[in-house]
Amino acid sequence: MPASLEQVTEEVRELSPEDREQLLARLIRDLEPAENFSPDEIERAWDKEIARRLEEIDSGKVKTIPAEEVFARIQAKLDEAR
């Protein structure tokens with residue numbers, strides 16, 4: 001009989017952070033479409049996306065929001081929901 005999700009979750013929490021990271025990467029790969037990408041391809045794609053986002057910030061195309069403001073907005077929404 002397969003283990004329940006709760007049992008698996010508890011077992012995973014006992015793994016080291018490195019092993020949990022490897023498990024997560026494997027599970028994500030299992031969910032990807034048939035054309036699986038290599039870790040190097042994924043890293044290059046993220047590097048390209050990071051560079052694009054930094055360029056948008058540096059050029060002024062995108063305005064950043066201070067973390068304190070973001071957290072305050074989230075807290076306000078949580079307070080409203082209660």
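The values are calculated or read from the model by the stated rules, or taken from the named source; none is laboratory data. Since we're looking at a predicted model, the values are computed, not measured. Note that we place each Cβ from the backbone using ideal geometry, even for glycine, and neighbour counts take in every protein chain shown.
Summary of computed values
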| quantity | calculated |
| --- | --- |
| Test: D47 is loosely packed, with under 10 Cβ neighbours inside 10 Å and part of a helix (DSSP H, G or I) | no |
| Pick from segment 8-39, criterion of a type in the set (D, E) and either in the same structural domain as T64 (by TED's automatic domain parsing) or more than 30 Å from T64 (Cβ to Cβ) (or both), ranking: surrounded by the fewest Cβ atoms within 10 Å (Cβ to Cβ) | E35 |
| Selection status of D40, of a type in the set (D, E, K, R) and more than 30 Å from T9 (Cβ to Cβ) | yes |
